[in-house]
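Right, one structure below, let's go through it.
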2 protein chains.
Amino acid sequence: MFDSYDRKILNTLQADGRITNQQLAEKIGLSSAATWRRVKALEEAGVIRQYTALLDAAKLSRGLRAILTVSLLRHDADSKKLFEDTVSSYPEVLQFFSITGDADFMIHVVVADIQSYDQFINEKIFTLEGVGQVQSHFALRELKNETTLPIG
Amino acid sequence: MFDSYDRKILNTLQADGRITNQQLAEKIGLSSAATWRRVKALEEAGVIRQYTALLDAAKLSRGLRAILTVSLLRHDADSKKLFEDTVSSYPEVLQFFSITGDADFMIHVVVADIQSYDQFINEKIFTLEGVGQVQSHFALRELKNETTLPIG
DNA sequence: GAATAATAGAAAGCTCATTTCGCGATCTTC
DNA sequence: GAAGATCGCGAAATGAGCTTTCTATTATTC
């Protein structure tokens with residue numbers, strides 16, 4: 001599917017999304033034209049979803065990271081859909097998964113401080129219809145926080 | 001701390017990390033020279049940590065996302081440090097937090113399939129010294145998976 | 001309200017992106 | 001194993017964008 005050049009391109013772009021095409025070409029050992037065509041093909045195929053700037057949450061007053069697990073009281077399609085759409089729309093929510101295990105959902109939230117968190121959970125979670133068990137965990141330390149997928 | 005121009009720059013670069021400086025300048029309403037200086041200052045200050053390409057995990061045979069919670073049997077500094085350094089070094093581990101609650105750590109892992117996960121947890125987690133309770137949750141659906149911080 | 005410090009924009013030179021073209025390697029079909 | 005097709009490469013040219021320097025303008029401080 002992907003050859004060694006593609007893998008090098010993907011790894012390099014994960015490490016530096018703003019590298020110039022020429023530098024990328026030199027790094028992987030192809031001409032700049034060939035490199036450019038491969039990058040465009042990877043974007044076209046959706047392998048590269050997006051380019052983004054990763055920011056420092058603490059420097060932007062978003063120092064508190066919380067992980068919530070939530071169970072719903074009812075599991076009919078409508079209740080679930082409403083819950084999913086509403087939670088997805090919250091900007092404080094960075095990750096939101098439906099998961100296996102005791103809880104139904106895991107929500108990853110970034111806010112300024114514990115006061116903001118209190119406000120978030122009271123106004124934006126507990127007010128939702130059909131919310132059952134909710135557990136909050138706070139990140140004490142970020143030992144690793146990456147987006148870089150290992151490319152095999 | 002940050003004025004309206006800085007916030008616009010950060011939001012725009014989060015949405016498109018490879019936008020040209022000229023397009024960015026036009027979008028936020030400053031000259032390209034002024035915009036360029038602000039972007040460099042934000043990079044210098046570490047507000048912008050990194051530019052990266054976000055890839056599609058499924059298209060790269062990394063279709064299984066698991067969340068583990070782990071407790072350690074001993075909590076002396078050396079045991080913890082060894083555990084933290086080792087787990088951080090695993091490429092399958094994208095996020096790794098020390099958290100509040102029953103468990104000590106939360107680990108976010110991306111692998112190809114359930115066989116790879118079995119291999120990962122048996123060879124790379126259970127083999128570590130002092131690992132106690134481990135719980136695995138699997139992501140059934142990714143309802144939201146972003147890196148975009150809300151800028152206030 | 002004058003002095004000082006920041007910050008803006010214009011212009012210019014330099015770098016880079018993107019396209020077009022032709023070549024060579026590899027695969028397919030007979 | 002030869003003819004044709006296909007694919008992907010690199011060279012070169014053009015247009016677009018980056019980065020710096022210089023000057024003007026706008027805030028800030030006393």
- Message: Taking the criterion of being at the interface with another protein chain (Cβ under 8 Å from one of its Cβ atoms), open to solvent by 30 Å² or more (accessible area, probe 1.4 Å), part of a helix (DSSP H, G or I) and out of contact with any strand residue (DSSP E or B) (no Cβ under 8 Å at 6 or more places or on another chain), would at least one residue in the range A:61-70 satisfy it?
- Response: no
- Keeping to the range A:68-113, report how many residues are among the β-branched types (Val, Ile, Thr) and touching a Gly at 6+ places or on another chain (Cβ under 9 Å). 4
- If you go through the range B:1-30 one residue at a time, how many are open to solvent by less than 80 Å² (accessible area, probe 1.4 Å), in contact with a Phe, Trp or Tyr (Cβ under 9 Å, 6 or more places away or on another chain) and at the interface with chain A (Cβ under 8 Å from one of its Cβ atoms)? 4
- Report, by residue number, each residue of the range B:119-148 that is among the charged types (D, E, K, R) and not in a helix (DSSP H, G or I). B:129, B:141, B:142, B:144, B:146
- Item | Pairs, first over 17 Å from residue A:57 (Cβ atoms) in the range A:126-152, second surrounded by fewer than 16 Cβ atoms within 10 Å (Cβ to Cβ) and among the charged types (D, E, K, R), C-beta under 7 Å, six or more apart | A:130/A:74; A:151/A:7
- Task: Collect the residues in the range A:73-98 that are of a type outside the set (Gly, Ala, Ser), out of contact with any Pro (no Cβ under 7 Å at 6 or more places or on another chain) and surrounded by fewer than 19 Cβ atoms within 10 Å (Cβ to Cβ), keeping them in residue-number order.
- Result: A:73, A:74, A:75, A:76, A:78, A:80, A:81, A:82, A:84, A:85, A:86, A:90
- Query: From the set of residues in the range B:31-44 that are open to solvent by 50 Å² or more (accessible area, probe 1.4 Å) and not hydrophobic (A, V, I, L, M, F, W, C), which is nearest to residue B:146 (Cα to Cα)?
  - Reply: B:43
- Item | Within the range A:71-94, tally of residues that are touching a residue at least 12 places away in the same chain (Cβ under 8 Å), out of contact with any strand residue (DSSP E or B) (no Cβ under 6 Å at 6 or more places or on another chain) and either in a loop (DSSP other than H, G, I, E, B) or not assigned by TED's automatic domain parsing to the domain that holds residue A:115 (or both) | 3
- Query: How many residues, within the range A:1-37, are within 11 Å of DNA strand C (Cβ to nearest atom) and assigned to a helix (DSSP H, G or I)?
  - Reply: 12
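The values are calculated or read from the model by the stated rules, or taken from the named source; none is laboratory data. The model shown is predicted, which means the values in this text are computed figures rather than measured ones. Reconstructed Cβ throughout: ideal geometry from the backbone, glycine too, with neighbour counts over all protein chains shown. These area figures cover heavy atoms from the full protein model, side chains too; ligands, DNA and RNA do not enter into them. Shrake-Rupley method; radii C 1.70, N 1.55, O 1.52, S 1.80 Å.
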